[in-house]
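The values are calculated or read from the model by the stated rules, or taken from the named source; none is laboratory data. All values derive from a computational prediction rather than experimental measurement. Note that we place each Cβ from the backbone using ideal geometry, even for glycine, and neighbour counts take in every protein chain shown. SASA here: full protein model, heavy atoms, side chains in, ligands and nucleic acids out. Shrake-Rupley method; radii C 1.70, N 1.55, O 1.52, S 1.80 Å.
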Amino acid sequence: MNDIQNKIDFDVPRLKRGKVSPVSVESISLKKSADNAGNTQLCITISRQLEVPIISFTFKYRFSSLPLSELDSRHAFHSYVYTDEDMNQNLILTFNASVPSKMSMDGCTAYISEVKLTDGRILTYSPSDFLSSDEAAMELLKAKPAVIQNEIPPAPKKRKINRTKLAVILTLFFFVILAEIIVGGYLLRYSDIKNSASTLIDENRYNEAYKLVSDNNYRGLLQQVCTKASLYYSDNGDYESAYVYACGAPEPFSDTVIELAAANVVNPATGEINENAYRVAKTASNDASFHTIVRTMTDMLSEREDYLNALRVASELRTTNEREKLESSIFTNAINRYLNGHRFEELISFISRLSEVNSFKISDADIANAITSYCTSNDDTSGLIYLSTVYPELLNATDITITVKPDDPNVRAALDKLWDLLSVEQKRTYHSRPIAVYKEMFTIRNGRISGTDITDAVSVDTYEYHTIVLHRNGSVSAIPNEKHNIDETFPRTNDVIQIAAGLSHSVMLHSDGTVTAIGDNSSGQCNVNGWTDIVEIAAGQNFTLGLKIDGTVVSCGSNACGQRDLSSYRNVVSVAAGSQTSVLLFSDGTVKLQGYCALGLKDVEKLDNIVSIRAASVAVLVKLHDGSFRLYSGIDSGSFGNPNSWKDYEYYDVGSVCIAAMDGNGNVYTSGDNLKK
């Protein structure tokens, strides 16, 4: 391919009538090199009117097919300032610059933007000072045709060659002298260029250094200029400029800059994306390498939970199948992480902003499927309970049933978010206790309590002197026993969702968050009339506890052992009561005791990963996240037995020197010294 075929010329903007400039752009062209490097050189020819002395001039150029006066958000103007000595000596000046081989060229345009005169004046020009393409065409039609004369120079006369011995000697002598002069001049010129380039590099004027060395065709020196420029711009985070110089070097090293840019796309300290570095990283020619870059970026962004930007980056993958797999993985990871942490508000925000990622399209049905898939596979319907209020038509149309289990740990973990969303039946199910033990044990199977005529029981609770039952219709009744001598008249109601039996008083939690208590009030343990926003209750020997939805605890009754000193506690998710001990479970899975804490009772505070608690008399029985149980006692006589072999029992309770548990099939397991046979 010859030079003409390798060269592309572009139109030159012309000043409007009435506008003059001592410096003007004469031609703009791109020329590809003849070698296999694939590099392209930009050549801008500039005309000088030497009769107007100037200090410097600035020209701007951009790679764009749009007219000069139109903005192009994708292609910015590059500026170059001429201050060379030859600026006031030559009628024609030439600006050369190397263009990255991977850069797409839709067009190129340039214009003089500023001229500084020696008399102090500054001439400025903007794109609006130049003719549009239509105006230029009109000017061309008005112009008179020029007469072109072709002159053919005469053929050179042939000279006879003197081949005498003397002529040969003189010729050889002449060439030796000439060679010495040329070599000496070359070395002198090279030294001057090298020193000048070093000065420009020290001042970080790499554009001028590149032009100086490139114009004189010193390849080795040009390689040094490009290397130093690339290092300088890389160190300053300008990977695009570093990439331009890496591509413009006689021996390009662009792959090195691409790898460096890829490693710095995401700031490890702030998580911010360096768009400059990312644009360079995307120029990687090898698809596998580019995919590795994208996956590294999406992994870092996902780890920081910046899922929207992770999806934007994933859209850059060049293979459709790989892109869709990565986008699906990012989306599913986001859904699962938000649901696992019960961070429902953040999940809703993420879903609502998915439309900002133009490349990622997902239907409401796919969103619902992702949510239900997590909830079913992890046996956690808390997300469905919350999100069904936001997307009722979507989630209610799914096949999954939104249920609440007794003592549901997932509901407990998000109690402040879910409680007001639960129905009365769901709240009653959450607080249902189908097994209760003190010295006597009571169990509920399909609503039946053995030894009684009760067939609609939801919960049962017992203390030394009485046993109370919560029925499916929300009413409460008592089961008489041989020591039952408490005068208890339960209110006629159908909205009770939890019951708690104290030594000689009974407490009822209503679905609206209020509390009722009846029975012995000698210590003020029934003074609960002003309580509101209560989500759980517990009753001790002569005191009552109430857990509020904000994670704080209220109490009334006896404070003989400090069991009611609870005002400083926050983030409580469950409460239980021993004889004179308050037991608090916190959102982080730890437990605190307040009140009587003799012997080894306090050791329960060393545990974490606790999901539920029971207390009675002077003992605390807890269930851990892995389904195992631990018992802590405050007595030195008698034995509760050892629950360490228990695993995954759904229901359990602790009484007076005895413990009991029941699995999902109704099988009962007991241990201890004080349980009636």
Is the stretch 406-425 home to any residue that is part of a strand (DSSP E or B), surrounded by fewer than 19 Cβ atoms within 10 Å (Cβ to Cβ) and not small (Gly, Ala, Ser)?
no
All conditions in (1) at pLDDT below 95; (2) touching a Lys or Arg at 6+ places or on another chain (Cβ under 7 Å); (3) not aromatic (Phe, Trp, Tyr) are true of Ile534 except (1)
Specify which of the listed residues (Ser47, Ser73) is outside any loop (DSSP other than H, G, I, E, B) and open to solvent by 20 Å² or more (accessible area, probe 1.4 Å).
Ser47
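Here is a list: Leu222, Leu260. Which entry is of a type in the set (A, V, I, L, M), open to solvent by 10 Å² or more (accessible area, probe 1.4 Å), more than 22 Å from Arg304 (Cα to Cα) and without any contact (Cβ under 8 Å) to a residue 60 or more places away in the chain?
Criteria check complete, one pass: Leu222.
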Index of the failed condition, Arg614 passing every other in (1) open to solvent by less than 20 Å² (accessible area, probe 1.4 Å); (2) closer than 21 Å to Arg564 by Cα; (3) touching a Lys or Arg at 6+ places or on another chain (Cβ under 8 Å); (4) part of a strand (DSSP E or B)
(3)
Out of the residues in the stretch 307-332 that are of a type in the set (S, T, N, Q) and out of contact with any Ser or Thr (no Cβ under 7 Å at 6 or more places or on another chain), state the one that is surrounded by the most Cβ atoms within 10 Å (Cβ to Cβ).
Asn309
What is the residue count in the stretch 655-668 for residues that are assigned to a strand (DSSP E or B) and of a type in the set (Gly, Ala, Ser)?
2
So, first residue within 11 Å of Val668 (Cα to Cα) in the stretch 435-446, second residue of a type in the set (Asp, Glu) and buried (at least 20 other Cβ atoms within 10 Å of the Cβ), Cβ within less than 8 Å, six or more apart or across chains; the pairs are Ile435/Asp653
Which members of the stretch 486-510 meet the condition of being within 46 Å of the chain's Cα centre (by Cα) and surrounded by fewer than 18 Cβ atoms within 10 Å (Cβ to Cβ)?
Asp495
Looking at Gly474, Gly451, can you tell me which residue is touching a residue at least 12 places away in the same chain (Cβ under 8 Å), among the small types (Gly, Ala, Ser) and not in a strand (DSSP E or B)?
Gly474
Name the single residue, out of those in the stretch 636-654 being out of contact with any Leu (no Cβ under 7 Å at 6 or more places or on another chain) and either open to solvent by less than 10 Å² (accessible area, probe 1.4 Å) or assigned to a strand (DSSP E or B) (or both), that is farthest from Gly540 (Cα to Cα).
Lys647
Of all residues in the stretch 538-555, how many are open to solvent by less than 10 Å² (accessible area, probe 1.4 Å), closer than 23 Å to Asp416 by Cβ and not small (Gly, Ala, Ser)?
3
I'd like to know if the stretch 314-331 contains one or more residues that are within 30 Å of Ser241 (Cβ to Cβ) and in contact with a Gly (Cβ under 9 Å, 6 or more places away or on another chain).
no
Go through the stretch 459-485 and give me each residue that's open to solvent by less than 30 Å² (accessible area, probe 1.4 Å) and either closer than 22 Å to Cys658 by Cβ or in contact with a Lys or Arg (Cβ under 6 Å, 6 or more places away or on another chain) (or both).
Ser459, Val460, Thr462, Tyr463, His466, Thr467, Ile468, Val469, Ile479
Out of the residues in the stretch 50-70 that are closer than 22 Å to Leu212 by Cα, among the aliphatic types (A, V, I, L, M) and surrounded by 14 or more Cβ atoms within 10 Å (Cβ to Cβ), state the one that is modelled with the highest pLDDT.
Ile54
Kindly indicate the residue of the stretch 263-277 that is open to solvent by less than 70 Å² (accessible area, probe 1.4 Å) and outside any strand (DSSP E or B) and also modelled with the lowest pLDDT among those meeting that condition.
Gly271
Residues of the stretch 585-630 being under 32 Å from the mean Cα position of the chain (by Cα) and on the phi > 0 side of the Ramachandran plot, which ones?
Gly589, Asn609
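Looking only at the stretch 617-635, filter to residues that are surrounded by fewer than 20 Cβ atoms within 10 Å (Cβ to Cβ) and touching a strand residue (DSSP E or B) at 6+ places or on another chain (Cβ under 7 Å); which one of those is nearest to Thr462 (Cα to Cα)?
Arg630
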Tally the residues that are open to solvent by 40 Å² or more (accessible area, probe 1.4 Å), touching a strand residue (DSSP E or B) at 6+ places or on another chain (Cβ under 7 Å) and part of a loop (DSSP other than H, G, I, E, B), restricting the search to the stretch 579-596.
3
I'd like to verify a number: residues in the stretch 278-290 that are open to solvent by less than 70 Å² (accessible area, probe 1.4 Å), part of a helix (DSSP H, G or I) and at pLDDT below 85, how many?
5
Tell me yes or no: at least one residue of the stretch 342-356 is more than 29 Å from Leu301 (Cα to Cα), out of contact with any Gly (no Cβ under 9 Å at 6 or more places or on another chain) and β-branched (Val, Ile, Thr).
no
Working only within the stretch 187-199, note down all residues that are open to solvent by 20 Å² or more (accessible area, probe 1.4 Å), in contact with a helix residue (DSSP H, G or I) (Cβ under 7 Å, 6 or more places away or on another chain) and more than 17 Å from Met87 (Cα to Cα).
Lys194
When you look at Glu393, is it more than 25 Å from Arg312 (Cβ to Cβ) and open to solvent by 20 Å² or more (accessible area, probe 1.4 Å), yes or no?
yes
